[in-house]
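The values are calculated or read from the model by the stated rules, or taken from the named source; none is laboratory data. For clarity, every value in this text was computed on a predicted model and none was experimentally measured. Please note: Cβ atoms are built from the backbone with ideal geometry, for glycine as well, and neighbour counts cover all protein chains shown.
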Amino acid sequence: MTLGATRVAGSSVKGERATARSTLTKGSGLALGVSVLWLSILVLIPLGAVVIAARGGGWHGFWSTLTNPQTAAAITLTLGQAALVTVLNVFLGTIIAWVLVRDSFPGKRIVEIVIDVPFALPTIVAGLVLLGLYGPRSPIDVNVANTRSAVFLAFAFVTLPFVVRTVQPVLQELDIDAEQAAYSLGASGRQTLLRVILPALAPAIAAGAALSFARAVSEYGSLVLISGNLALRTEVTSVRILTYIENGQTGQAAVVATLLLVVAFLVIAALDVVQRRVARRG
Amino acid sequence: MRTSKWRWAGVGVVVAMGLTACAQSSTPQDSTTSASVAAPEPVTLNLVAFAVPKAANNAIQALWAKTPEGAGVTWVESYGASGDQSRAVESGLKADYVHFSLEGDVTRLVKAGLVADDWNKGPHAGIVSSSVVVFAVRPGNPKHIDSWDDLIKDGVQIVTPNPGSSGSARWNILAAWGSVIAEGGSEDDAAAYTTALFKNIVALPGSGRDATTAFLAGTGDVLLSYENEAILAKQQGEDLDYVIPDTTLRIDNPGAVLKGANPKAQQWLDFLYTPDAQAEFAKLGFRPVIDGVKVGNVEGANDPANPFPVPKKLLNINDDFGGWSAANPKFFDPDNGIITKIQVATGKSS
């Protein structure tokens with residue numbers, strides 16, 4: 001979230017590196033204190049506890065948990081589908097945001113509202129709806145229940161709003177003058193897109209992508225009805241974690257959770273790097 | 001300037017740690033009681049249970065309130081998934097009485113020192129409600145699924161809750177295993193049968209209720225379920241039938257009073273073993289755990305007048321599997337359990 005907020009706000013400041021030079025007044029120092037306190041209570045300390053719990057079995061325990069065939073398959077499936085869905089969201093989310101900002105069409109307001117439905121719907125309800133629409137009794141005769149496509153579908157459903165909602169405000173603020181200037185200076189549509197529009201949108205797209213990846217990796221509720229939780233086939237990591245917990249093996253559960261944390265961290269960091277590159281190219 | 005920034009940040013971390021320390025020492029659950037019903041002796045009991053028997057518990061509470069022992073008792077109740085509820089109590093959720101879907105969830109509290117060792121040594125072995133494993137099928141049983149052998153025929157699609165993540169799902173899988181042993185089969189035969197069974201499983205939803213939901217939404221031909229779950233679904237007007245196989249496993253739901261609970265909690269537990277209380281469980285499809293209960297018509301049962309026919313062979317966890325403490329590691333260990341390995345093997349082959 002912080003990534004989204006800061007980058008979106010500062011998106012016009014191209015290529016400026018966030019230096020640690022302190023410019024804090026007393027007031028902003030207090031704000032920083034409150035931020036760190038809040039972040040500690042909600043994020044740092046709980047996550048720290050997870051990592052510490054994961055260390056219980058040592059490296060051997062860590063490795064043997066992750067190489068358990070069922071767990072390894074679940075991790076591969078979850079990360080793979082989350083990555084695919086994120087790529088999909090980067091394209092579709094940006095297009096949807098574009099349409100919503102730049103075009104006007106009847107029913108636009110309704111689409112605006114519908115986009116946010118996945119945020120509001122309890123995920124178990126989402127699962128039920130998806131099962132009804134794309135399950136064995138599908139009215140449109142599309143049955144993906146209990147297949148990997150179901151995992152992809154559920155991920156896509158719950159992560160749809162992220163890129164749309166991060167890109168939309170930036171696009172709204174984007175000066176059309178810059179585009180027109182580019183055109184009048186003889187730039188092609190492609191050049192304008194790659195050199196003017198995309199660099200401005202990159203931070204927002206990256207923020208949305210990071211959110212959608214992280215959200216997909218942790219998804220559980222919408223899957224329990226439609227993915228089937230079949231070992232080595234459609235079982236995701238959150239189900240594996242639950243299995244470990246049900247068996248009283250919280251250490252193993254923490255190991256899997258830690259791996260997901262590390263991957264999510266790396267992906268978010270990587271997206272940040274990419275985003276800076278693209279933004280600087282403009 | 002630099003120091004001030006770090007000082008504030010440091011203060012933040014220290015305060016945060018202080019707060020977590022406080023949180024650990026206080027009880028996480030604020031018992032928000034609906035205070036004082038005018039009564040002889042206002043007592044509040046905390047009930048923590050799995051979700052299915054809520055309606056029965058509430059009806060029994062109303063009955064109990066009419067007795068001298070139960071008069072004036074107010075309840076603070078919490079219902080949820082059995083394992084989650086048990087873990088919540090283990091980590092501090094206040095409880096006087098717990099009712100879970102399987103023994104392991106009470107055993108967890110025994111290990112945590114919250115329930116006495118001898119909780120299951122009484123005449124009813126700590127079991128307050130009971131059911132059996134059944135096959136829920138599509139209305140009219142179009143695929144003629146009547147026996148365990150029918151389940152492993154080609155093209156039969158099975159739904160059953162995930163035995164990994166749902167403790168109570170394990171009743172179903174053990175019933176399948178036990179049906180082979182009961183016919184004189186060896187453990188190898190049982191493993192072969194269970195492997196064939198898993199090949200026909202198309203979905204392993206997270207819990208018993210999720211499995212029912214997935215089945216009712218059209219997944220599969222047969223749902224391995226509990227008799228009370230099937231009866232309840234029919235009471236709610238859902239479109240399904242159920243079949244009690246000739247050999248099946250008795251499901252035992254334990255109840256226990258916690259150490260240091262209000263003495264009323266024990267009186268409540270005693271009251272649960274009265275015919276009136278058991279009749280309330282029966283109305284919801286649970287089999288009574290004592291004799292002499294007048295079970296009236298049970299709506300939703302195959303034959304409401306004779307709702308709980310005795311199966312030809314009824315297995316139970318203690319005599320046929322050596323109890324949950326033996327069955328859990330043997331069958332469901334996440335690395336080496338027999339069922340875990342079968343799941344992995346069938347996952348690979350398809």
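With B:Asp117, B:Asp105 as the choices, which residue is more than 14 Å from chain A (Cβ to nearest Cβ) and either exposed (fewer than 15 other Cβ atoms within 10 Å of the Cβ) or within 23 Å of B:Val133 (Cβ to Cβ) (or both)?
Values: B:Asp105 fails: more than 14 Å from chain A (Cβ to nearest Cβ).
Among B:Asp117, B:Asp105, only B:Asp117 is more than 14 Å from chain A (Cβ to nearest Cβ) and either exposed (fewer than 15 other Cβ atoms within 10 Å of the Cβ) or within 23 Å of B:Val133 (Cβ to Cβ) (or both).
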### Task
Of all residues in the range B:193-203, count the ones that are among the small types (Gly, Ala, Ser) and surrounded by fewer than 18 Cβ atoms within 10 Å (Cβ to Cβ).
1
### Summary
Picking from A:Val224, A:Val239, the residue that is closer than 21 Å to A:Leu77 by Cβ, among the hydrophobic types (A, V, I, L, M, F, W, C) and touching an Asp or Glu at 6+ places or on another chain (Cβ under 9 Å) would be A:Val224
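Looking at the structure I just gave you, is B:Lys348 farther than 26 Å from B:Lys54 by Cα, of a type in the set (Lys, Arg) and free of Cβ contacts under 8 Å to residues at least 60 places away in the same chain? Before you say what the answer is, go through the steps one by one.
Working: farther than 26 Å from B:Lys54 by Cα: yes; of a type in the set (Lys, Arg): yes; free of Cβ contacts under 8 Å to residues at least 60 places away in the same chain: yes.
Yes: the conditions hold for B:Lys348.
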### Query
Within the range A:181-198, is there a residue that is buried (at least 23 other Cβ atoms within 10 Å of the Cβ) and not aliphatic (A, V, I, L, M)?
no
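Out of all the residues in the range B:48-62, which are surrounded by 21 or more Cβ atoms within 10 Å (Cβ to Cβ) and either in contact with a Lys or Arg (Cβ under 6 Å, 6 or more places away or on another chain) or farther than 10 Å from B:Phe281 by Cα (or both)? First the steps, then the outcome.
Filtering the range B:48-62 down to residues surrounded by 21 or more Cβ atoms within 10 Å (Cβ to Cβ) leaves B:48-50, B:52-53, B:56-57, B:60.
Once the filter is applied, which keeps residues that are surrounded by 21 or more Cβ atoms within 10 Å (Cβ to Cβ) and either in contact with a Lys or Arg (Cβ under 6 Å, 6 or more places away or on another chain) or farther than 10 Å from B:Phe281 by Cα (or both), the range B:48-62 yields B:Val48, B:Ala49, B:Phe50, B:Val52.
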### Task
Would you mind stating whether A:Leu193 is away from chain B (no Cβ under 14 Å), out of contact with any Asp or Glu (no Cβ under 7 Å at 6 or more places or on another chain) and either on the phi > 0 side of the Ramachandran plot or touching a residue at least 24 places away in the same chain (Cβ under 8 Å) (or both)?
no
### Query
In this structure, does A:Ile113 turn out to be more than 30 Å from B:Leu204 (Cβ to Cβ) and either acidic (Asp, Glu) or modelled with pLDDT under 95 (or both)?
yes
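Output the residues belonging to the range A:221-251 that are outside any loop (DSSP other than H, G, I, E, B) and under 23 Å from A:His60 (Cα atoms).
A:Thr237, A:Ser238, A:Val239, A:Arg240, A:Ile241, A:Leu242, A:Thr243, A:Tyr244, A:Ile245, A:Glu246, A:Thr250, A:Gly251 - these are the residues of the range A:221-251 that are outside any loop (DSSP other than H, G, I, E, B) and under 23 Å from A:His60 (Cα atoms).
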### Query
Got a sec? Which strands (runs of 3 or more DSSP E) wholly within the range B:73-163 have at least 3 residues that are among the aliphatic types (A, V, I, L, M) and closer than 30 Å to B:Val344 by Cβ?
B:127-137
### Task
Taking A:Ala31 as meeting all but one of (1) surrounded by 15 or more Cβ atoms within 10 Å (Cβ to Cβ); (2) free of Cβ contacts under 8 Å to residues at least 60 places away in the same chain, write down the number of the exception.
(1)
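Yes or no, residue by residue, for (1) within 30 Å of B:Gly184 (Cα to Cα); (2) within 21 Å of the chain's Cα centre (by Cα); (3) crowded, with 19+ Cβ neighbours inside 10 Å:
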| residue | (1), (2), (3) |
| --- | --- |
| B:Gly260 | no, no, no |
| B:Trp268 | no, yes, yes |
| B:Phe286 | yes, yes, yes |
| B:Pro307 | yes, yes, yes |
| B:Lys313 | yes, no, no |
| B:Asp319 | yes, yes, no |
### Task
Give me the pairs, please: first residue somewhere in the range B:175-192 and surrounded by fewer than 16 Cβ atoms within 10 Å (Cβ to Cβ), second residue anywhere and part of a loop (DSSP other than H, G, I, E, B) and not acidic (Asp, Glu), beta-carbon distance under 9 Å, and either six or more positions apart or on two chains.
B:Ala192/B:Gly185
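Being in a helix (DSSP H, G or I) and either modelled with pLDDT under 90 or not hydrophobic (A, V, I, L, M, F, W, C) (or both) narrows it down to one of A:Ala182, A:Ala216, A:Ala210, A:Ala206, so name that one. Before you say what the answer is, go through the steps one by one.
On the way: A:Ala216 fails: either modelled with pLDDT under 90 or not hydrophobic (A, V, I, L, M, F, W, C) (or both); A:Ala210 fails: either modelled with pLDDT under 90 or not hydrophobic (A, V, I, L, M, F, W, C) (or both); A:Ala206 fails: either modelled with pLDDT under 90 or not hydrophobic (A, V, I, L, M, F, W, C) (or both).
Of A:Ala182, A:Ala216, A:Ala210, A:Ala206, the one residue that is in a helix (DSSP H, G or I) and either modelled with pLDDT under 90 or not hydrophobic (A, V, I, L, M, F, W, C) (or both) is A:Ala182.
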### Every residue from the range A:62-92 that is more than 11 Å from every other protein chain (Cβ to nearest Cβ) and not aliphatic (A, V, I, L, M)
A:Phe62, A:Trp63, A:Thr76, A:Thr78, A:Gly80, A:Gln81, A:Thr86, A:Asn89, A:Phe91
### Message
Restricting to the range B:329-350, give me the number of residues that are in contact with a Ser or Thr (Cβ under 9 Å, 6 or more places away or on another chain), closer than 17 Å to A:Ile241 by Cα and hydrophobic (A, V, I, L, M, F, W, C).
### Response
1
### Message
Of everything in the range A:109-154, what is surrounded by fewer than 12 Cβ atoms within 10 Å (Cβ to Cβ), in contact with a helix residue (DSSP H, G or I) (Cβ under 8 Å, 6 or more places away or on another chain) and in a helix (DSSP H, G or I)? Give them in sequence order.
### Response
A:Phe119
